[in-house]
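Undergrad: Sharing a structure, written as structure tokens. Questions coming.
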Amino acid sequence: MLLVLGRRVSLSFVKRVIPQDPVLLSKPILQNFRTIQFRVIHSSTVFAIATRQNTDTMPERRPFVRLPTDVYPVNYGLCLKPDLIDFTFEGKLEAIVEVNLATNQIVMNCADIDIITASFVPEGGEGEEINATGFNYQNEDEKVTLSFPSALQKGSGTLKIDFVGELNDKMKGFYRSKYATPAGEIRYAAVTQFEATDARRAFPCWDEPAIKATFDISLIVPKDRVALSNMNVIDRKPHPEDDSLLEVKFATTPIMSTYLVAFVIGEYDFVEGQSSDGVTVRVYTPTGKAEQGKFALEVAVKTLPFYNDYFNVPYPLPKIDLIAIADFAAGAMENWGLVTYRETALLIDPKNSCSSSRQWVALVVGHELAHQWFGNLVTMEWWTHLWLNEGFASWIEYLCVDHCFPDYDIWTQFVSADYTRALDLDALDNSHPIEVNVGHPSEVDEIFDAISYSKGASVIRMLHNYIGDEDFRKGMHSYLLKFQHKNAATEDLWDCLEQASGKPIALVMSSWTKQMGFPIIVVDQEQQGDDRILKISQKKFCASGPHNGEDCPNWMVPISICTGEDPGCTKLKVLLDSPETTITINNVSPDQWVKINPGTVGFYRIQYSSAMLESLLPGIRDLTLLPVDRLGLQNDLFSLSRAGMISTVEVLKLMEAFVNEPNYTVWSDLSCNLGVLSSLLSHTDFHEEIQEFIRDLFTPIGLKLGWECKQGEGEPPGAGGHLDALLRGLVLGKLGKAGHKPTLEEARRRFKDHVEGKQILSADLRSPVYLTVLKHGDSATLDTMLKLHKQADMQEEKNRIERVLGAISAPDLIQKVLTFALSEDVRPQDTVSVIGGVAGSSKHGRKAAWKFVKDNWEELHNRYQGGFLISRLIKLSVDGFAIDKMAAEVKSFFESHHAPAAERTVQQCCENILLNAAWLKRDADDIHQYLLKRKAPPV
């Protein structure tokens, strides 16, 4: 599943924000962290896991028990008949089961379903049909126990259950999704979202990833609707009792987990293609929008053979469908053979879609198709290993996009979108290890977060770099072959990679997956003749400063080193497996700089001695450092300033050195960090001075890019065109928001022409123009924008407007935007980004959004409970506060308004608020003096 996570991206320009998104948020661990837990790995190494913790302890978790194994399914024969008017469904289950141990009860998962009758028929017809005499629902555990009057004997049999359920409006289980026909009539589709634990809302089942079976699915649907499931249709016939209905029967699936089962009933058009290895690929779109499926089709048709070749294992199904669902909580879901998407993650209109949307669609398609092997063919044994599924797919989606679109410079973008985001979250005391013991469904929801996805992807990228591509692929191939159609744990992958590479993979990787956090690598140097001697040490990095104290955890850190002689080439690789070491690099002249972590691949922060840092800075101005390393250096220093290890003024001075910077992603990361600083300083009376700093920094690049795309940009993107388009949108939006007069005037002129239909804005300019005119707009501007929203036929355009509405400044208009967020005009999954846009835009917006969330808590919680959207909502609403008492207020609100799926998120937010407050106290005066001084005329 891809979440719409809050990527570290400047507001409104890049789509990867889940979770906007899936991309999804966080999970408490059962131990109380004040005690040190030791885990022995390979008997010789002991890691002290997660040592410091905040003062709060997690509430006690209820004991959780997995399903008994005395009866397990072999095949589910499932027939469902949804009612698209009354929002109910009827179901018939005939499951072939194996009784391992004689028993008079069967325990299954079941939620929000009423069982009408249940019976068991032993195989061979020798025994009579045994009717169940009782159904005991354990609602909190989402289980049902079927009791039988006599013991079911060992052997095979058929379990028959008739049941009814509700097509809910919670975007999970078997649910209804609202859409409008081309004529404007409101209708509903019936669709599914089962990961992690919601197949049990569609039919009684053994809803655990390791209990795999085959599925024979039939759907009884209105004859004018499209019916889809994981497999191809093998039979279609009129329903004997009602000739307006059709019974659609699908081929038997391979053996698979329940969370990957899917069915969709609705009205759709499609485009079709065939991959070079003979798989039929279809992209289903809303009626009348087939054209908008072509880009995703092109990506999918290229991607399947890429993975086929990379894994050296063929795609196992005859077809794959990709379908856009109107109401959809995540970004997308990898159901085997029937992948479901948000409309914005699949549909591209050649005229009205911006470059960041195309890139987002390519990444999401790459992510979900990777799961067809990694997750679907081989599945994690339990949710503890979820990170392996999601971290791996979040890494390889970039490999795939780099193959399909080399001009996207996508690996540099990975560092800004995933790597730095994971470092920020994992520096908190309330982070969690990548591998987390989970039990109850509410705990499972909580680990769909940036640690599972972005840190997971980052450590896999580091591992891939450590092993090398050839051995990595060899190991992946043997892992998929060995465990196909089965389940595996993290250790199984390490074994296969260890055998392929001959390196101590399990030993190295355990330090990254079983303990939370990461190290800061402290580096000093001295010159001895022609050699450079480096002193390197590691300690845990914490957002509140370096970890000082006993029980400091250690990591096995793959360290690469390059020099100024050849910045793109690694001169030396070592594995740091102790707290400190000394390294000699031969033949390095005194005038050459030395850099740790070229490519910014290792998952750690770096603190250089001042002399080393000084020698690296010219490489930023003259661009001799690689873009990804210019970005990494700036990002490390920014996080050291937040942690109080250096002054923020030092970072502002460094930022001024980026005046010649041409690279989009480097600017994107700078912009993001300046956004954090601007938000922090909105709590002071010199907020305008940081706006002036932003205007000064961004003006030269703004002038250079101008408003019009140059030749080679646009559609189809030429070399560099895609990135220039992204950069132009970013820079103009930044200048406009900061009140740069020429940008504001031009934005207003273009907006007027756009609204009057004289000159329609290109898709890439819409976000920055909308943001600029709203930020400096009045009630007429807001009304015009809401009118544009109502007229927009494309979800992408609606979302684009929704994400910037919060920029409006007047308090009464902010209130109007918040009310709009919960209106019928905004799809339920998008309300969160409207509220988040308000909270992120100004000090007043932040207060208003938090009050709005509290006042409407019941409705919001009811809508998003038990999903990652509730975590996302909380994070967006409160993360920007910077006053100690706000942390106490947030904590106390959630003590009386429980949100089990967001417990860890609440703790992380409270921690962030306290960190912001400390940062402000520590550095505000110095920042103010610096900003005044740089403007003062020279004496």
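The values are calculated or read from the model by the stated rules, or taken from the named source; none is laboratory data. No experiment lies behind these values; they were computed from the predicted model shown. Using ideal geometry, Cβ is built from the backbone for each residue, glycine included, and neighbour counts are taken over all protein chains shown. Note: areas computed on protein heavy atoms with side chains; ligands, DNA, RNA excluded. Shrake-Rupley method; radii C 1.70, N 1.55, O 1.52, S 1.80 Å.
Undergrad: Could you give me the ³J(HN,Hα) list for the stretch 314-319, computed from phi with Karplus coefficients 6.51, -1.76, 1.60 and θ = phi - 60°, whole Hz, x at Gly and Pro?
TA: x, 5, x, 10, x, 9
Undergrad: Given +1 on the Cβ of Lys and Arg, -1 on the Cβ of Asp and Glu, and no further charges, what dipole in debye does the chain carry about its Cα centre, rounded to the nearest 20?
TA: It comes to approximately 1960 debye.
Undergrad: Please work out the Cα center distance from the stretch 497-551 to the stretch 743-781, rounded to the nearest Å.
TA: 49 Å
Undergrad: How much accessible area per residue does the chain have, in Å², with a 1.4 Å probe?
TA: Accessible surface, normalised per residue, equals 35 Å².
Undergrad: With all protein chains present, how much of the accessible area of the stretch 777-843 (probe radius 1.4 Å) comes from carbon and sulfur, to the nearest whole percent?
TA: Whole-percent figure for carbon plus sulfur exposure: 52.
Undergrad: Just report the Cα centroid separation between the stretch 569-594 and the stretch 208-262, whole Å.
TA: 60 Å
Undergrad: Continuing with the same structure: What is the percent carbon and sulfur in the accessible area of the stretch 519-646, measuring with a 1.4 Å probe over the protein chains and ignoring ligands?
TA: The nonpolar share, carbon plus sulfur, comes to 47 percent.
Undergrad: Out of residues 5 or more away from LEU572 or on other chains, whose amide H comes under 5 Å of its own, with H placed 1.01 Å from N in the peptide plane?
TA: Amide H neighbours of LEU572: ILE561.
Undergrad: Follow-up question, since we're still on this one. Could you state the per residue volume, in Å³, of the convex hull enclosing the Cα atoms of the stretch 310-463?
TA: 138 Å³
Undergrad: I'd like the per residue volume of the convex hull spanned by the Cα atoms of the stretch 814-937, given in cubic angstrom.
TA: 113 Å³
Undergrad: Sort 186-194, 823-831, 424-432 by packing, meaning the average of other beta carbons within 10 Å per residue, with the highest value first.
TA: So the peptides 186-194, 823-831, 424-432, ranked by packing, come out 424-432, 186-194, 823-831.
Undergrad: Pairs to check: LYS294/LYS351; LYS172/LYS237; LYS653/LYS933; LYS302/LYS514; LYS455/LYS571; LYS455/LYS847. Give those whose C-alpha atoms are more than 24 Å from each other in this structure.
TA: Too far apart for the 24 Å limit: LYS172/LYS237; LYS302/LYS514; LYS455/LYS571; LYS455/LYS847.
Undergrad: I'd like the FRET efficiency for ASP783 and THR684, computed as 1/(1 + (r/R0)^6) with the beta carbon distance as r and R0 of 30 Å, rounded to 0.05.
TA: After rounding to 0.05, the efficiency reads 0.35.
Undergrad: Okay, moving on. Please state the relative contact order of the stretch 376-518 as a whole percent: Cα pairs under 8 Å, 6+ residues apart?
TA: 37 percent.
Undergrad: Rounded, prolate or oblate: which fits the stretch 743-837, taking a ≥ b ≥ c as square roots of the Cα gyration tensor eigenvalues, rounded meaning a/c under 1.5, else prolate when a/b beats b/c?
TA: oblate
Undergrad: Still on this model: In the stretch 647-776, what percent of the accessible surface is made up of carbon and sulfur (1.4 Å probe, ligands and nucleic acids excluded)?
TA: Carbon-and-sulfur percentage of accessible area, whole number: 54.
Undergrad: With Cα Rg over 2.2 N^0.38 Å defined as stated, name the option among (i) 0.94; (ii) 0.98; (iii) 1.08 computed from the structure displayed.
TA: Of the labelled values, this structure produces (i).
Undergrad: For the stretch 59-124 and the stretch 802-863, compute the distance between their C-alpha centroids and round to whole Å.
TA: Computed from Cα coordinates, the inter-centre distance equals 41 Å.
Undergrad: Same structure, new question: Averaging over every viewing direction, what projected area does the convex hull of the Cα atoms of the stretch 647-776 cover, in nm²?
TA: Mean projected area for the stretch 647-776: 8.3 nm², to one decimal.
Undergrad: Please work out the Kirkwood hydrodynamic radius for the stretch 519-646, using every pair of different C-alpha atoms, and report it in angstroms with one decimal place.
TA: The Cα-based Kirkwood calculation yields 15.0 Å.
Undergrad: When the scattering of the stretch 71-266 is computed by the Debye formula from its Cα atoms alone, each counted once and equally, what is log10 I(q)/I(0) at q = 0.09, 0.10, 0.13, 0.16 Å⁻¹?
TA: -0.34, -0.41, -0.69, -1.03
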